[in-house]
1. When a/c is below 1.5 the answer is rounded, else prolate if a/b is larger than b/c, else oblate, so apply that to segment 262-393 with a ≥ b ≥ c taken from the square roots of the Cα gyration tensor eigenvalues.
2. Would you list 277, 317 from fewest to most Cβ contacts within 10 Å?
3. With both partners inside the chain, how many of the DSSP beta bridges are antiparallel, as a percent to the nearest 5?
4. I'd like the FRET efficiency for residue 271 and residue 82, computed as 1/(1 + (r/R0)^6) with the beta carbon distance as r and R0 of 25 Å, rounded to 0.05.
5. Based on the alpha-carbon gyration tensor of the chain and its eigenvalue square roots a ≥ b ≥ c, which shape applies: rounded if a/c is under 1.5, prolate if not and a/b is larger than b/c, or oblate?
6. Taking the mean number of other Cβ atoms within 10 Å as a proxy for protection, how do you rank 217-227, 324-334 from highest to lowest?
7. What FRET efficiency would be calculated for the residue pair residue 42, residue 241, taking the C-beta separation as r and a Förster radius of 35 Å, to the nearest 0.05?
8. At a Förster distance of 30 Å, what's the computed FRET efficiency of residue 325 paired with residue 202, Cβ-Cβ distance as r, to 0.05?
Ligand SMILES: Cc1cc2nc3c(=O)[nH]c(=O)nc-3n(C[C@H](O)[C@H](O)[C@H](O)COP(=O)(O)OP(=O)(O)OC[C@H]3O[C@@H](n4cnc5c(N)ncnc54)[C@H](O)[C@@H]3O)c2cc1C
């Protein structure tokens, strides 16, 4: 079969799904493409949902004004329910494919209990939540992670009374470790947001939260922001290997021939870090499709990113690059109480991750040092007056 005779089905109409179609057409791929999108709208951007949209600055975050020029069949409002042999079963019928790209992203984790808990994943979630965040509304956010911090920022700005309840000892502990995350705790009080640390929520009840160990917190609006899971339950009856997402190799190929995965749902093999990784980063959903499209058109290229993420919270820009899990040393750069500082993680003499607050140049320079695996001088890394790139040995 020639490429022009084949059909690729892309399950998932988010950023990674759209970018896959764009990259395939950019490489001149001539075959048929069908996109299945569970949401009944064109692909849109999620990062602004907790930032500019929640603040009331924008109402629409659609990624691409027109889709027609891509020459693909977009089937919005159609959910993939099961993977059969050479076909996806959806809630509307059967969609045969020659090759399949899984880009179904991730969905929020819910907590137990009968009370109403909202989430912040889709634009519909965001618009409904924003409408409820009227001045004086009492909001509780469960989870002081990235989304929780951004939502608390926006809600406080809208005049709500905001409490953030976090089970760990510090904000962002799961993402960047308690020691670094703790540096962000004072920002909550500065913004008038109450932060309750070390408070696990047992269940969500009508009108509030039941806390583990007793206690009840009353709230009008409750948002659960305790993380997401890859949206891959629909593949459980298939032969596709799942391992915290769709297990794919460095070429983004799943365990079943002709099946690939990309974006938040893909747990890819990282040659750089020597283990499987799954990131929930916009940058990954933006860039990995270029590698995938090259592999779908036979120009085999490994996907080997240095992961990158940003967050805008409490008037600050945070950026993180790398992966600190293999680090054996943490070096502070600048005073964490100030407006500009960085946390730098080293493994031996190599920089493996950097978190910057208000230091975009450090982020760029750190990224290059991480990518090249250059040995650095720890004393120079710690000195904010020395450009980070000059810490290279
Ligand atoms: C509020 C918010 C703020 C964020 N802010 C940042 C940020 O500041 N920085 C950053 O780096 N990242 C941020 N992110 C993360 C970033 O948006 C994601 O990494 C990115 O959206 C992943 O893209 P994706 O296409 O893989 O998945 P998704 O965007 O989740 O898209 C997957 C799509 O597939 C659909 N789908 C799911 N199951 C099925 C099925 N069975 N059949 C058909 N369709 C299906 C879903 O409905 C969804 O539309 C944020 C995310 C959110 C929610």
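Where a number appears in this text, it was derived from the coordinates with a stated rule and is not lab data. Owing to the predicted nature of the structure, the values given are computational and were not obtained by experimental measurement. Using ideal geometry, Cβ is built from the backbone for each residue, glycine included, and neighbour counts are taken over all protein chains shown.
1. Details: a/c = 2.34, a/b = 1.63, b/c = 1.43.
In terms of gyration-tensor shape, prolate.
2. Details: 277 19, 317 14.
Starting with the residue having the fewest Cβ neighbours, the order is 317, 277.
3. Values: 47 of 79 bridges.
Close to 60 percent.
4. Working: r = 32 Å, r/R0 = 1.30.
Computed FRET efficiency for residue 271 and residue 82 comes out at 0.15.
5. Numbers: a/c = 1.93, a/b = 1.21, b/c = 1.60.
Oblate, because a/c is 1.5 or more while a/b does not exceed b/c.
6. Working: 217-227: 20.4, 324-334: 16.6.
Final packing ranking: 217-227, 324-334.
7. Values: r = 31 Å, r/R0 = 0.90.
With a Förster radius of 35 Å, E is 0.65.
8. Numbers: r = 30 Å, r/R0 = 0.99.
The pair residue 325/residue 202 has a calculated efficiency of 0.50.
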